[in-house]
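What follows is calculated from the coordinates using simple rules that are stated; it is not laboratory data. Here the structure is a predicted model, which is why all the values come from computation and not from measurement. All Cβ positions, glycine included, derive from the backbone under ideal geometry; neighbour counts span all protein chains shown.
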Amino acid sequence: MKLISVKNLLASLLGMAFVIYKVMTFDELFDLYWICFIGYLSIKGLIAAFSQKAYDKDIQTATQKQALNLRLFGKFAYIAVDIPMIVILLTGLLAILSPTSKALAVVFIILLLLALGYMLWLIWYISKHKRLLMERGQWGTLVLSPEEEQAWKRSGIWHCVLYGVILVLGIAYLYF
């Protein structure tokens, strides 16, 4: 077996460690969902880590999704899918920093419902346009220019950095 993607292998091993931990500390039926979901993603990642065909298919699918997002949202495509997460994180930050009152709880619920509504709309909107492209036979023809590929790579790096900072701040908050 030849290793194709070290990143996929490491992510899959981390997922497998999480599944093993969840199996060992099984508390409730909801844990079964996480075991199945993360287990499925881990196995899929292992297959992509050792199979050139599966790895190429994953890369092609990701590139087509990026090209579709650029086609639908233009320059806004780099952060369009992050809006619900940003709203949820800001709501959590507001909840931590502000005193609790019933009026503020209503505002938090409204913000979370807006994030959920936007997320559902975004999924529907993107899947509708993907289905239309598939019906026309144009889904496989979406490509990114070299400049757009570089922009997506920079966007991915910034996403990793920002989510890493948020994770470290969240852990620090829980620790202190």
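Taking the Kirkwood radius as Rh and the Cα radius of gyration as Rg, the chain has a ratio of Rg/Rh equal to 1.01. Residue 34 sits among other residues whose Cβ lies under 12 Å from its own Cβ, and their net charge, with Lys and Arg +1 and Asp and Glu -1, is -2. Exposure proxy shown here: for 91, 100, the number of other Cβ atoms within 10 Å sets the order, fewest to most, as 100, 91.
Counting lysine pairs in the chain whose alpha carbons fall under 16 angstrom apart, excluding pairs fewer than 8 residues apart on the same chain, gives 12.
With a simple spin-label model that places each label point 7 Å from the Cα along the Cα-to-Cβ direction, the separation between residue 28 and residue 168 comes to 3.3 nm. Entry note, the chain: relative contact order of 21 percent, from Cα contacts under 8 Å with a spacing of 6+ residues.
How fast does region 1-50 diffuse by Stokes-Einstein, in µm²/s, taking the Kirkwood radius from C-alpha pairs at 37 °C and 0.692 mPa s? After rounding, the answer is 296 µm²/s. Taking all C-alpha pairs of region 85-133, those more than 16 Å from each other amount to 49 percent. Our Cα-only numbers for region 70-164 put the radius of gyration and Dmax at 17.4, 55 Å.
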